[in-house]
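First comes the structure, then the notes that go with it.
The values are calculated or read from the model by the stated rules, or taken from the named source; none is laboratory data. This is a predicted model, so every value here is computed, not measured. FYI the Cβ positions are ideal-geometry reconstructions off the backbone, even for glycines, and counts take in every protein chain you see. Quick note on the areas: whole protein, heavy atoms, side chains included, nothing else; ligands and nucleic acids left out. Shrake-Rupley method; radii C 1.70, N 1.55, O 1.52, S 1.80 Å.
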Amino acid sequence: MAAPAVQFKTNYAVEKKIEPFYKKGRVQISKDGSHLLCICGNKLNVLEIATGTITRSIEQDDQEDITCFILSPDDEILVTSSRALLLKQWQWQTGICTRTWKAIHTAPVASMAFDSTSTLLATGGCDSTIKIWDVLKQYCTHNLKGSSGVVHLVQFHPDMSRLQLFSSSMDYKIRIWDLKSSRCLCLLENHYSAVTSLCFSADGDTMISSGRDKICTVWDLVTNTPRRTVPVYESVEVVLLLPSTPDLIGRDQDTTSLLFITAGSKGILRVWDAATSRCLYTQTSPHTSKKVSEEEGDEHSLTHCLLLPNQEEVVTVSAEHSIIMYDLHNLELRKQFAGYNDEVLDVKFLGASDSHIVVATNSPQIKVFELETSNCQILYGHSETVLALDVFKKGLMFASCAKDRTVRIWRMNKTSGKVHCVAMGGGHTNSVGAIACSRLKGSFIVSGSQDFTLKRWTLPESITESKGRISELESLYASVTEKGHEKDINSVAVSPNDKLIVSGSQDKTAKLWSSSDLSLLGVFRGHKRGIWCVQFSPVDQVVATTSADGTLKLWGLHDFSCLKTFEGHDASVLKVIFVSRGTQLLTSGSDGLLKLWTIKTNECIKTLDGHEDKVWGLHRNRLDSVVVTGSADSSIVLWKDVTEEELAEEEAKQETEILQQQELSNLLHEKRFLKALGLAISLDQPHTVLRVIKAILLEPQGKDDLEKNILRLRQDQKESILRYCSVWNTNSRNCHEAQCVLNILLLHETPEDLLQYGGIRGSVEALIPYTERHMQRMGRLLQASMFVDFMWQHMKLTDLPMVEDAVSVTVPSCALPLQENGKA
């Protein structure tokens, strides 16, 4: 039985984009817990938590960066501040700016806070002043001076009957402002570093402050004195009061005591008892990489934290732009979003049904995204930047390699989707930049390094056969090592039958090896610059290579000769994959472009532009219906094959056109000209409209019928027909119909009505020169016809010689009247 014909792909369309949505500052979550708001440069993004998609981006008109924002407690008002010293009030659900006013500050706003009634807004500026605004009556109520340096913290007392505002600036003191008298009531001094956050007890008589001096202070707001100092041994960014709800973390024995949560430089959450200064609970650290000293700054430290009491969740924001949601009952991870991916170096589909993607960014951590929800797992293990990834055939295991000279094997739990590291191997003496997994079974991996060597690693059976989680990390050992190239090895690939390995290097060559013992079988020479990627064809004995010389080459495995060269990229070709059962190729370049090639014709049939920088990652799913790309512009794009959809759309369009053409013919046959004219205009076919007008003019009362039909058209239809007239008028064969229509419109439409037509200026400019030319031509034709008529009137029907004489006499005599006519 013959195999079904291969359907060539013709186009891909963007199905989904995973882009940076958070870069700095605080985040806020709407009251119902459905949306998250965060800053990304000059945009404020609104993220739908359920799906992980950006539903709206609120952008400043002045293109200035947003310095801070605040969402009112009732979820109604969003206020942003920019470096242009403007405050903007938004309806965040629709993205409409309702009000803009000057901040009055002489420097950008650094902090903002709403009161509990959502009527008063406090802004703390870099100019050491605090302004309070009535957002309903729209005026400034207070201008509080006396702080030193940037006012980085403002907060209203939750009991608005007290009319108090708390602030902190660069002098490490907490100021309490009386809003009745606009004066500073007192200074709370206990911290020796920047005060980062404040939280208040339910009765409003106790306040807890946190600072980067590694202490938290419990304040008595009745006497305005420190009640207790709690040493927490880390720089604390946020302190939150734990609700008194039973069953929450730390509430095992006591449901009444004052408990608070700290988040800071250690990257973990801890629960403290304010009365005893005891740490009741410490979250298990997810990081296995080495700890960085606090003086250097820890990439895992938490920069922000907020409570969601209604959802019983706590949300943390890390220095590496991860937004993580934990259950408040046991601090188990519920959901995680990657706000910023940095440069994407590799990306692959993962999961039994390609439900996830695994991404190597410019970081030691690997990110695994669930495509449906954008929920992200962050995998810790490597200590330096991960450079390459490859997935085994079943899709539940993958290998990674990094600058830390190691390779690791990771396995996904089929039911929970959780990924764990199951094995690690070391032995290279330089960064490992290329890795490939065996195709038939998960029996071995091959790695290529900047130490110019290839290593074949045999996987232990405990990894490939075990179904549960392996408690101890297995060790990998290289069974064979071979010096493969004279320069860095950029890419390796394993053949579909696991018997061959191909490697590509910066030394401009690709080499073919036996997978069993890494013995050299042949060398592919021909590229003028380094080779970035190598791939085996899934069906033919062919290898594809891409190079920095901007070309893609296909090589035969029998004689190592170059079979085809594809040229079209203007820059380095970084990745290549076979699609359409090996009959087509998809490549990505350092110019951000993807190109689809048909091997048989050597033709590039489609160029896709979806990235702004080098496309390092390129992979297709098992069904060959979706392609994922990752770029240095920090974005990951999923491309869907839309060949069949476009083909179906084209067929449906052609079928519709045939039916409409048949209907038009029937209308003309039945002489229902008005409906025929309307149908032809709706099809946007000027030639068909012209055909209808010509059919009307052939009728006995043609001009009158045309006038009646055109005057019954809608204004938009008249606009279209006037636009068509400017096209018909360019051809002398159709100018009569064009002038007839133009005459009708000019006679029955007032200049004011004509000025309302869309594109009237362009139509008139196109009509005037050709109309003048037709007028001149008609004048010449009329003049010539009068000459013929004059000749006819003076001819004498006599013998032939007499006619010749008459002509010889008559011609000079008619010259004078013609000259006089010409002068007239």
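Computed values, structure above
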item: For the chain, size of Cβ-based charge dipole, Lys and Arg +1, Asp and Glu -1, in debye; result: 1180 debye
item: Part-to-part distance (alpha-carbon centres) for region 331-371 and region 139-156, which is given in Å; result: 42 Å
item: Three-way shape label, region 1-99, alpha-carbon gyration tensor, a/c 1.5; result: prolate
item: ³J(HN,Hα) computed for each position of region 303-319 - Karplus, 6.51 cos²θ - 1.76 cosθ + 1.60, integer Hz, glycine/proline x; result: 9, 7, 7, 8, 9, 10, x, 5, 8, 6, 10, 10, 10, 10, 10, 9, 5
item: Between helix 800-823 and the chain: long-axis angle, C-alpha atoms, 0 to 90°, nearest 10; result: 50 degrees
item: Dipole magnitude of region 171-279 about its Cα centre (Cβ charges: Lys, Arg +1; Asp, Glu -1), debye to nearest 20; result: 280 debye
item: Solvent exposure ordering (accessible area, 1.4 Å, most first) of K640, K499; result: K499, K640
item: Amide H contacts of I49 (H built 1.01 Å from N, under 5 Å, at least 5 apart or other chain); result: H35, L36
item: Electrostatic dipole magnitude of region 357-511 [Cβ: Lys, Arg +1; Asp, Glu -1; Cα centre; debye, to 20]; result: 320 debye
item: Under 13 Å, Cβ to Cβ, from V314 - net charge with Lys/Arg +1 and Asp/Glu -1; result: -1
item: Amide H contacts of L387 (H built 1.01 Å from N, under 5 Å, at least 5 apart or other chain); result: C401, A402, K403
item: J(HN,Hα) series, region 25-35, from Karplus relation 6.51 cos²θ - 1.76 cosθ + 1.60, nearest Hz, glycine and proline x; result: x, 7, 10, 9, 10, 4, 4, 7, x, 8, 10
item: Structure-derived percent of Cα pairs over 45 Å apart - corresponding label in (1) 56; (2) 38; (3) 51; result: (3)
item: Gyration tensor (alpha-carbon) shape descriptor, region 586-676, a/c threshold 1.5; result: prolate
item: Whole-Å distance, taken between Cα centres, linking region 721-751 and region 482-551; result: 67 Å
item: Most positive-pole-ward Cα, C740, V135, Q541, against dipole of the chain from beta carbon charges; result: Q541
item: Using θ = phi - 60° and Karplus 6.51 cos²θ - 1.76 cosθ + 1.60, couplings along region 574-589 (whole Hz; Gly, Pro as x); result: 9, 9, 9, 9, 8, 10, 6, 6, x, 8, 10, 10, 10, 10, 10, x
item: Long-range HN-HN contacts of L221 with modeled amide H, under 5 Å; result: T206, M207
item: Options I18, P364, G211, ranked by Cα towards positive dipole end of the chain, top entry (Cβ charges); result: P364
item: Unsatisfied cross-links (Cα-Cα over 31 Å) in the set K23/K511; K414/K483; K367/K528; K441/K606; K31/K414; K348/K553; result: K23/K511; K414/K483; K367/K528; K441/K606; K31/K414
item: Per residue accessible area in Å² of the chain, where ligands, DNA and RNA are left out and the probe is 1.4 Å; result: 47 Å²
item: Unit charges at the beta carbon, dipole of the chain: most positive-side option, A493, L71, T276; result: A493
item: Label point at I605 placed 7 Å out along Cα→Cβ; residues across region 575-590 whose backbone nitrogen lies under 15 Å; result: 578-587
item: Percent accessible area from carbon and sulfur atoms, region 720-774, protein chains only, probe 1.4 Å; result: 55 percent
